[in-house]
Every structure is written in structure tokens, then in C-alpha cells.
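To start, the structure itself, in C-alpha cells.
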Amino acid sequence: MGSKGRAWKFGDNITTDHITPSRYMHLRSNLFELSKHAFEDIRPEFSSSVKPGDIIVAGRNFGAGSSREHAPIVIKTLGVSAVIAKSFARIFYRNAINIGLPPVICDTSTINDGDLVELDLQEGIVKNLSNKAEVKFKPLPEEIVRILSEGGIVNYVKKHGGLDKF
């Protein structure tokens, strides 16, 4: 399981309010409309320019703040294939897995905004195809890769009938 796309680089402490500004939460039942406002206070061009397969790359504590599950949902709705960060807020990390958006923890210092990045979840490697840098990370546990490969926990349970199969 892997992906390849353009890196969208963010810094440290990107909150769920940066991802989905609270002033738009009245749109939470319309993900298409809500996704138009993703990151608009810090990267206004993001939602109109991101392409399917692109990858968010960030510093420490990505997804901090409220436990707003719409934050990873909106990111996935826009076609982002993964989020790579130095660290994640715990609730964002778990919500991302639950909705099928791979969260990868590794050093992101060799990735610049706009670089072409390839991610291999099984091997635990992030390849920066723009500058030939490679970063290894601890591969995700097999159970989490299975949940991600099914598109999230709900799809996994629908297909396999429960989590007791692990």
C-alpha cells in the first residue's frame, strides 16, 4: 500500500481549526462545501489546488485542538492520500486511521513544499523523488494497514464483520 503525490508542506502545531475553521462547521453535513474551506486561513489556495494523491507533510503536533473528526475527513475528501508529520495529536491520528487516511510519523525535514513524494506503508519508506532523499519510518502495524486498505474502520467492519479477525 503506497501513494505518490505533490507535497503540501505545513509547519508545527497545525490545529483542527486550521484544517476546518470552526466558522464553517455549520457545513459539516456537506463535506464538499466544507472541504472548500480547508486550510483557508493559512494556505488559501489549498482546496482549489490540491490534486488526488497529493500528500500533506507537516512538523510536530499535526491535528492538535478539538477532536473534530471532520478535519481528517475533509483532507481525505479533497483526495489527499496521506499525512506525513513529525508527530500527531493523538485524536487526529486515530480519527485519520478510522476514516482510512494514512498518518505517517517520520522526519519531514528533507521534504519541501511541492516536492514529489512516494510513500510505501509496508516497507516504511518515504522517498522524495525531487531530491532523492529517503526517510525510513516504523511501518504501521498490519492491523492498521488492513483498516486503511479497506478505506477505514466502518468499511473494514462491513466487509469482515468485526475487529475480532485481528
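Evaluating 6.51 cos²θ - 1.76 cosθ + 1.60 at θ = phi - 60° for every residue in the range 13-24, the Karplus couplings come out as 6, 6, 8, 5, 6, 5, 6, 10, x, 4, 5, 10 Hz, glycine and proline recorded as x.
May I ask you to list the GluC sites (Glu not before Pro) in the range 1-90 that are in a DSSP loop and have at most 10 other Cβ atoms within 10 Å of their Cβ?
Details: sites: Glu33, Glu40, Glu45, Glu69; in loops: Glu40, Glu45, Glu69.
Counting only loop positions with at most 10 other Cβ atoms within 10 Å, the GluC sites (Glu not before Pro) in the range 1-90 are Glu45.
For Phe10, the amide hydrogen comes within under 5 Å of the amide hydrogens of Val57, Ala58, Gly59, counting only partners 5 or more places away or on other chains and with H modelled in the peptide plane.
How high is the relative contact order of the chain? Use alpha-carbon pairs under 8 Å, at least six apart in sequence, and give a whole percent. It would help to have the intermediate numbers written out before the result.
On the way: 355 pairs, mean separation 39.1, N = 166.
Taking the mean separation of contacting Cα pairs over the length of the chain, I get 24 percent.
Maximal additional length on extending the Phe32-Thr110 stretch stands at 24.8 nm, based on 0.36 nm per residue less the C-alpha distance. Shown here are the Rg and Dmax of the Cα trace of the chain, at 15.1, 44 Å. Only DSSP H runs of four or more residues enter the estimate; each adds -39500 (n - 2.57), and after division by the residues of the chain the mean residue ellipticity at 222 nm equals -7000 deg cm²/dmol. In terms of Cα atoms, the Rg and Dmax of the range 60-117 work out to 11.2, 31 Å. In this structure, the amide hydrogen of Phe88, modeled 1.01 Å from its nitrogen in the peptide plane, lies closer than 5 angstrom to those of Asn61, Phe62, counting only residues at least 5 positions away or on a different chain. Only lysines eight or more places from Lys136 in sequence, or on another chain, were considered; those with a Cα closer than 26 Å are Lys4, Lys9, Lys51, Lys76, Lys86, Lys127. Each residue of the range 43-56 is assigned a 3J(HN,Hα), and the resulting list reads 9, x, 7, 4, 5, 8, 10, 5, 10, x, x, 4, 10, 7 Hz, derived from the Karplus form 6.51 cos²θ - 1.76 cosθ + 1.60 (θ = phi - 60°), x at Gly and Pro. Amide H contacts of Ala133: Asn128, each under 5 Å away and 5 or more positions distant or on a separate chain (H built 1.01 Å from N in the peptide plane; Pro and chain starts excluded). In sequence order, the range 76-91 has phi-based couplings of 5, 4, 6, x, 4, 8, 5, 10, 10, 8, 5, 6, 10, 5, 4, 5 Hz under the Karplus curve 6.51 cos²θ - 1.76 cosθ + 1.60, θ = phi - 60°, and Gly or Pro positions carry x.
Laboratory data are not the source of any read-out in this text; all were calculated from the coordinates shown. Predicted model only: the values in this text are computed from it and were never measured. Cβ: placed from backbone, ideal geometry, glycine included. Neighbour counts: every protein chain shown.
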